[in-house]
Every structure is written in C-alpha cells, then in structure tokens.
Amino acid sequence: FIPFSLSHCPPSLSPHPLHLTLSLQHGSVFPIIPYALYPNPSPSLSPSDFNYNTDGYDGDAAEDRKSQDGSETMPFIDESPTISPSLCACGPDGEAISPVPPEDLLPGGDIEKGLEMKKLVLSGFLASEEIYINQLEALLLPMRPLKATATTSQPVLTIQQVETIFYKIQDIFEIHKEFYDALFPHIQQWDEKVAVGHLFQKLVRVAINQSTNLSVNHSIGSFSLCVLLISQNFLSSINEEIDPRRTAVTTPKGEARQLVKDGFLVEVSEGSRKLRHVFLFTDLLLCAKMKKTSVGRHQQYECKWYIPLADLTFQLLDDSDVLPHIQVLPEHEIEEMKTKISVIKSEIQKEKKALKGQSRNVERLRKKMNEQESWLLLHSPTIPFRIHNKHGKSYLFLLSSDYERSEWRESIQKLQRKDLQTCQLSSVELQVLTSSCFKLRTVHNIPVTSNKDDEETPGLYGFLHVIVHSAKGFKESANLYCTLEVDSYGYFVSKAKTRVFRDTTEPQWNEEFEIELEGSQCLRILCYEKCYDKTKLNKDDNEIVDIIMGKGQVQLDPQTVQSKNWHMDVIEMNGIKVEFSMKFTSRDLSLKRTPSKKQSGVFGVKISVVTKRERSKVPYIVRQCIEEVEKRGIDEVGIYRISGVATDIQALKAAFDTNSKDILVMLSDMDINAIAGTLKLYFRELPEPLLTDRLYPAFMEGIALSDPAAKENCMMHLLRSLPDPNLITFLSLLEHLKRVADNEPINKMSLHNLGTVFGPTLLRPSESEVTKGHITLATDIWSHDVMAQVQVLLYYLQHPPISFAELKRNTLYFSTDV
C-alpha cells in the first residue's frame, strides 16, 4: 500500500492541460493520460493515438546513476515513463479496460519494446519500494534498543511511547519487504509469460486491512499529534542535556509556554498535608508531585491538577464557608523535632572531625536529618493560600510566611493582567508538559539543610538585634506597621512586629528587637496597612487581612552583621523605603550568665540577695510582670514567644534596677510583649539559673529516668532541695504559665511552647559550670541539653499543682545522686 497524490502534469512531461501526474509518497512520479482523452476510446485504437514520449529517457542512465561506492541512487522523477501500462481506465460502458494498446497498434509492431516499457514501469515501482524499505529499516534501528531499554530500570521511553511512535513499523516493513523480494526476481527474468498482478493484489489487500485496523483503533489526527508531541519531548530532553537552560515548552499552536515561578508548597488534600511542586506558567498553574522511583532512575513528576490562569481566582472565606479540616500538630512536637535536628547536626560535625574521610556514619546521619527536616517542612506551615477554579473545585495550600503567599499572589495577578484565553490540555499535552517540568524547574530540592553542599554557609546561630527606624514613600496617610521574618530549618517564620503608627505617611518606629537565629541566612521585612474594619476580618485565625504595602529582604552576611557596631541598611519595596539597623551576637556570647557589678540592682544579681533586700519571698519584678501579663496579656497571641521592643525592655530594666517610682505607670503604658520580654530577660541574666548550677546534673539525670515512680520521687526531691527563694519563685512562675496555657485556644501558647521558651532560661548553667563539664561550644550546649531542659520544665508544668507547704511537710530523705 503506497500513499499517492494526483496533480496537473508539468509541461516538461506533457503539454496537455488535462494530463495528470501520479506522485508516490516515496519519490517516484508517473504522468497519466485519462482514458477519456483518447481520440477513439475503443479496442480499435490507431497507433497515432499513443505517444510514449521516450525521447527524454536515457536507457543507459541507470548505470550512470550508480554512486562511487557502487550503490544505486533514486531515479530522477522526470525520467519516469509517460504512461503506466498497469493503470486501468473505464470505457463508455463503465467497465474497466486496459489503456495498453494492442500489440498490432504498437509503433512498428515491436512486441519487445512493449515488454521493455512494462519492465521500465515495474522497475520504477521496485525502486520506490527499495527506498521505502530502506527508510523503514532506518526507523527500526533506534526502535529496537529503545524497546529493549523500556523494560529496564532506566528507560529512555516507556513501552507505550515506543509503540505509539513506531506504530506498526515492523509489520509494514515485513509486508513491503515480502512484496519487494517477490517482485525483484520477476523483473530480473522479465518476459511475456511473467505475471505480477497477484503480487499487487496481495499488497493492496494487506494494506486495506492495516488501514481499517488503524481507522478503527485510532483517531488519525489525535494519533499523529500524540506521536509528534512525544517525539518533540524526547528530542528536547536530549537537547537539554547539551543546553540545560530551557525555560519554556512549545504549545501545539506553536506558542512558547514560559515557566515564571516554581517551588515546593504544602497542599491540604483530603484532610492531610501533601508536599507538592507547583509550577506557574504564563497561561496556567500546574500542581505536581514527584513520583517514587527506584535507585538510579530519572525522577519524574505526576500532575495532580492544573488551572488555566484565565479561570483562576483567589478565594476568601465568608460566613457561609466551611473551613476544611487542617491537620495541625501540637507546637511542642514541632519544637522537639527542631531540637532533634540540632542534635544530629552536632553529631555530623563531630563525625566529620573524627573520621576524616569515613563517611558511612555521616551519610546515615544526613539521611536521618533529611527525613526529620522534610517532616518539619511538611507540618510547620499554617498560613492558608486558597485558589479557586471558576469551573471547578478549590485548592488550599499552607505556607510558612505571608511574604511567600504575597509573592505567589502577585506573580499570578501580574500574568492575569494580560489578555489570557482559557486553555484545555489533552492527556498527551498534559503528559508532555508535566514531563518537561523536570528540566524547566528552577527549584531542584526541598529547602532543607541536608540538601546543601558542605561548602555552603551553615547560617547564623545566635541573636540578631534589629532596629526598625522609619519608612518613607507612602502616597496617602495610613495606619502602618512592620513585621520581621527570618528563615529557620528551611522555612520562614515571623519573629517580631512593630507597633502601629497611625494616620501617617512617614512612620517613625525606632523600635529594637532581639530575634533568635537558628541557621538563618535571610531577613525579610514586610510593611502593612492595619485593617480596623471588623467586617473584613476573616474567621480563619491564620488569615492576615491587613494589606501588604511593600516587602523586601536582605541576606545576612556573617562578615557584615558579626561586627560589634550597628550596620544600617535600607530596603526598597514598591517605591517605599524602610530604614533599619542590625547587629548580631553569636550564641556562645548570648548564653553567658554575667553577674552584675552593681549589687544594688535587680538584673544580674542573685535571687537570694534581691529577696532579702526587698524582704519578700518573690522578687518584685517577677510579681509585677506576672500581674501585668495576666491582666492584659493572657489573650495576646504568641505571648512570651513574640519579641518585645528592645528599647522598651531596656527602659523597664533600667527602671527596675533603679527602683524607679514610675515603674507602675510604665508597666500600664508599655506594650505587653515588652513586659513579657523583661521577665524573660530577668531570668536569663541571673548569675546562676533559678534551678541552680549545683542541681543541674541531677535534673538532667532525673528527667531521663524511665520508671514513673522513681522519676516522681526524684523530681519532687530536687524541688525540695532548692533554696526557698528559688523554690517559691519557681512555683509562682509555674502557676502563672499554667494559667497562660489555659488560654491556648486564643493565645496559641501551649504548655510545651512555654516550656520551650522558659526551659533553657531557668536551667541553663552558668559559664563556670559549662567549663567544668568540658563543653566549650555554645552550640554543643544547645544541641545536647536544650531538649532535656525543656522536658524538665514541661514535667512540672504537666504535674498537678505543687504546694510549697506540702513539699516542706514531706520528710523523705535520700541523696540527690540519681
């Protein structure tokens, strides 16, 4: 079966305007004279009615057309005979008759010349078949290895793709090879007795069967498109290995679908969290997940859903909407995981120093850390980002920062300002686009420490002091404030917030914050306009309805920020300039307990000295801060976790140190987070921890006991062993923190959250005790002991109420050596 087309015959072959040309797909061209044009369409045709026009045919040209290597080349199309004796036409009665003239009508009655003409025509068919078979054989060369690798662990194409691209090639090759092999000897031994019609009939019958099967099983248009797209994608993947900087994929209309943004997001699907890789193209948003592949195989994406940007909207909840169930883990599990990761990081560093090249343990620890960081990345985000398809369902992502949510929203809205048309992808187009995502992506790994190279900076550990000075560039007066975010364990967390500066175009905050850094490399500043309209408030607690006026970020360069001096900088955002200063204090310096040189003050003075001077059981600063927090901070979201303004804290510190008469007035006017920060600072700057250096080893061993009864006896005995001022102060603080945790649904501070904040502050030993234990690095202290410190305080927080009188009445005596 050979595809062909008909067209008007060129003048070089025939001057007649109604003569036609039959063009075979594989190269040969045959002029045709329609039977109706014969002057006498009957068996008694005159010899003059036939003109074979053999003058332009060079019978010896076949030998000349051999190439230098002896192979025959394709005959030129204008050297084909004028008429094919094998073609049929219809007579006046509609019956098929042969246009071949009788032997007595041949010029000169030359029968041998007629046979030669028949052989010439059949030779043309044979040459065309030879070219076609060679082309089919060339296709079979790559098909066989591709098909062989499709069943291995590293396939180039899947078996379905191979069968689609090379559909029936093997069968077609065998059919035409059989026809060629049968026809070739007949042409070689050509005479008047040779019959070849049955070979053509067989070829036609097989071709019809193949064509029928194809039309039944495949839509030719979609089938061809499928082959084209898979082939283009396959060739593109080869080209990308040479030039990997590919940023677009071509649509069926020939347009470039550009990748604008991609990244890993947490999607809430059927009530559970799923890590997705989201791709924003110029005309659609595609959500994919990484397929599980065996070792050594190329990674592949699977499309979960896509939305044309023309149909995408941002969904806001109203009173009639029902919030989907979001799996939220207790905060203490998040903090516990952070601590475990810190411990593993410390172990990895020790292994590297000790083994020097033996990496088996290091790889094992890295794998474990990767699992834990991935878990943290999946369960930490809480800020909702909803998108909706006008013609379909809605989808919910959870992000860790409002900065990230704003970036995605702005990128989508910028593309939507263009004249976008909705698009529907066929299954093949979607498959090709999803496959191309692997090469197009700009974010290759989830943002965890274990995916970073050893040469990359590990980030900063310690405390970053930031002063937010002012902002300029606002066109209209507004109620303005700023928030500060830093990265930690692969995601960003909001750490501080300025007060709202009302009705101004040039806010002057001049507020200082102390932000704890945990491997941080970047500081983000977001500027908001405060929304006081209660009708616009969203019922989702994590939904920030205030308007982002601008946002920007700055890299935390260790060489810049680790200077003792303040470093001033400016962030420009949407025409707004925010001025700020920052200074970094490493953890080994920030964890030192330094006694105050002035024993007349409160901060840095032993608690026994302060209570004796004040003639009180609990220091005045502790009582006043607790009272103020319970009066107006018990419902404050993030109380004790959110940093207070450092300048306010320092002002309160100075007032308490000098026993100022204005303390009560200052407390009533001061931001509640500053008061909470003052209380934390007081315990942190005690020259000896509240639970004492002497008992610290016993607390560490007691909390590790597995027997509940033994642990209970030990932990209660340790409390009885504390000096009275320390014990009474600790019990007062304990009951206060329990009351704060009772309002967890509002303030989001659980017992574990509070244990995480206060545990190291109340237990961390002084510098002299650290040196005795031969632990010289603050990071080692943090990594190995912080979890136990948190667990000690949490044990007492979760314990039924503990009475000072009850403890003293109990007369159990046993050694503190556990």
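Once the piece of chain linking Val194 and Glu529 is laid out straight, how much longer is it, given 0.36 nm per residue of separation minus the C-alpha distance between them?
Details: separation 335, 0.36 × 335 = 120.60 nm, distance 9.60 nm.
Stretched out fully, the Val194 to Glu529 stretch lengthens by 111.0 nm.
Want the number for Arg502 to Ala182: 0.36 nm per residue separation, take away the alpha-carbon distance, what's left?
Working: separation 320, 0.36 × 320 = 115.20 nm, distance 9.59 nm.
Extending this stretch completely gives an extra 105.6 nm.
At 7 Å along Cα-to-Cβ for each site, give me the label-to-label distance between Ser153 and Leu275 in nm.
Distance between label points: 2.3 nm.
How big is Rg to Rh over the stretch 135-206, alpha-carbon atoms, Rh as the Kirkwood inverse-mean-distance radius? Don't skip to the answer; put the middle values down first.
Values: Rg = 17.5 Å, Rh = 14.5 Å.
Ratio of gyration radius to Kirkwood radius: 1.20.
Kindly report, to the nearest 10 Å², the accessible surface of Glu518 as traced by a 1.4 Å probe over protein heavy atoms only.
20 Å²
Just flag the trypsin sites (Lys or Arg not before Pro) in the stretch 368-446 sitting in loop per DSSP whose Cβ has no more than 13 other Cβ atoms within 10 Å.
Values: sites: Lys368, Arg386, Lys390, Lys393, Arg405, Arg409, Lys414, Arg417, Lys418, Lys439, Arg441; in loops: Lys390, Lys393, Arg417, Lys418, Arg441.
Listed in order of number, the matching sites are Lys390, Lys393, Arg417, Lys418.
Roll a 1.4 Å probe over the protein heavy atoms and report the accessible area of Ile159 in Å², nearest 10.
In the full protein context, Ile159 sits at about 50 Å².
Using the basic label-point model (7 angstrom from Cα toward the beta carbon), what is the Tyr167 to His465 distance in nanometres?
Result for the modelled spin labels: 7.3 nm.
Based on alpha-carbon atoms only, what is the radius of gyration of the stretch 360-494 relative to the globular estimate 2.2 N^0.38 Å?
Details: Rg = 20.2 Å, N = 135, 2.2 N^0.38 = 14.2 Å.
Rounded to two decimals, the normalised Rg is 1.42.
Can you put His736, His186 in order of accessible area, largest first, using a 1.4 Å probe?
Details: His736 0, His186 60 Å².
I get His186, His736, largest accessible area first.
Given a Förster distance of 51 angstrom, what is the FRET efficiency for Lys418 paired with Thr647, based on the Cβ-Cβ distance and rounded to 0.05?
Details: r = 47 Å, r/R0 = 0.93.
Given R0 = 51 Å and the Cβ-Cβ separation, E is 0.60.
In square nanometres and to one decimal, what's the mean projected area of the convex hull around the Cα atoms of the stretch 381-452? Spell out each step's value before the answer.
Details: hull surface 27.9 nm².
For the stretch 381-452, the mean projected area of the Cα convex hull comes to 7.0 nm².
Taking a 30 Å limit on the Cα-Cα distance, which of the listed pairs Lys653/Lys808; Lys338/Lys530; Lys497/Lys598; Lys414/Lys472; Lys291/Lys340; Lys345/Lys577 fall beyond it? Please list the in-between numbers first.
Working: Lys653/Lys808 34 Å; Lys338/Lys530 33 Å; Lys497/Lys598 33 Å; Lys414/Lys472 25 Å; Lys291/Lys340 28 Å; Lys345/Lys577 38 Å.
Check vs 30 Å cut-off fails for Lys653/Lys808; Lys338/Lys530; Lys497/Lys598; Lys345/Lys577.
Given the stretch 329-372, report the % of alpha carbon pairs whose separation exceeds 18 Å. Write out the running numbers ahead of the final one.
Details: 316 of 946 pairs.
Looking at the stretch 329-372, the distances longer than 18 Å represent 33 percent of pairs.
Of Asp742, Asp635, which has the most accessible area with a 1.4 Å probe, and how do the rest follow in descending order?
Details: Asp742 115, Asp635 80 Å².
Most to least solvent-accessible, the answer reads Asp742, Asp635.
Out of Ile334, Gln372, Gln349, whose Cα points farthest toward the positive end of the dipole of the stretch 329-372 (charges: +1 Lys, Arg; -1 Asp, Glu; placed on Cβ)?
Gln349
Any idea of Tyr532's accessible area? Nearest 10 Å², probe 1.4 Å.
Looks like 110 Å² after rounding.
Return the distance in nm (one decimal) between the two label points of a simple spin-label model at Asn743 and Val609, each offset 7 Å from Cα along Cα→Cβ.
3.5 nm
Counting only residues 5 or more places away or on other chains, whose amide H sits under 5 Å from the amide H of Met573 once H atoms are built in the peptide plane?
The answer is Val578.
For q = 0.16 Å⁻¹, what log10 I(q)/I(0) does the stretch 596-739 give under the Debye formula with an equal point scatterer on each alpha carbon and no solvent?
So the normalised log intensities are -0.90.
Any of Lys612/Lys748; Lys368/Lys564; Lys261/Lys292; Lys551/Lys583 with alpha carbons more than 32 Å apart? Name them for me. Display every interim value, and only then the final one.
Values: Lys612/Lys748 37 Å; Lys368/Lys564 37 Å; Lys261/Lys292 24 Å; Lys551/Lys583 21 Å.
Beyond 32 Å between Cα atoms: Lys612/Lys748; Lys368/Lys564.
Per residue, how large is the accessible surface of the stretch 329-372? Use a 1.4 angstrom probe and give square angstrom.
Working: 2740 Å² over 44 residues.
Roughly 62 Å² per residue, with all protein chains present.
Could you calculate the FRET efficiency of Trp305 with Lys617 from 1/(1 + (r/R0)^6), where r is the beta carbon distance between them and R0 is 60 Å, rounded to 0.05?
Working: r = 63 Å, r/R0 = 1.05.
Step by step, r from the Cβ atoms, then E = 0.45.
Can you sort Glu579, Glu255 by solvent-accessible area, 1.4 Å probe, largest first? Write out the running numbers ahead of the final one.
Numbers: Glu579 55, Glu255 110 Å².
The residues order as Glu255, Glu579, largest area first.
The values are calculated or read from the model by the stated rules, or taken from the named source; none is laboratory data. Since the model is a prediction, treat every value here as computed from it, not as a measurement. Quick reminder, even Gly has a Cβ in these numbers, built from the backbone with ideal geometry, and neighbours come from all protein chains shown. Calculation scope for accessible area: heavy atoms of the full protein, side chains included, ligands and nucleic acids excluded. Shrake-Rupley method; radii C 1.70, N 1.55, O 1.52, S 1.80 Å.
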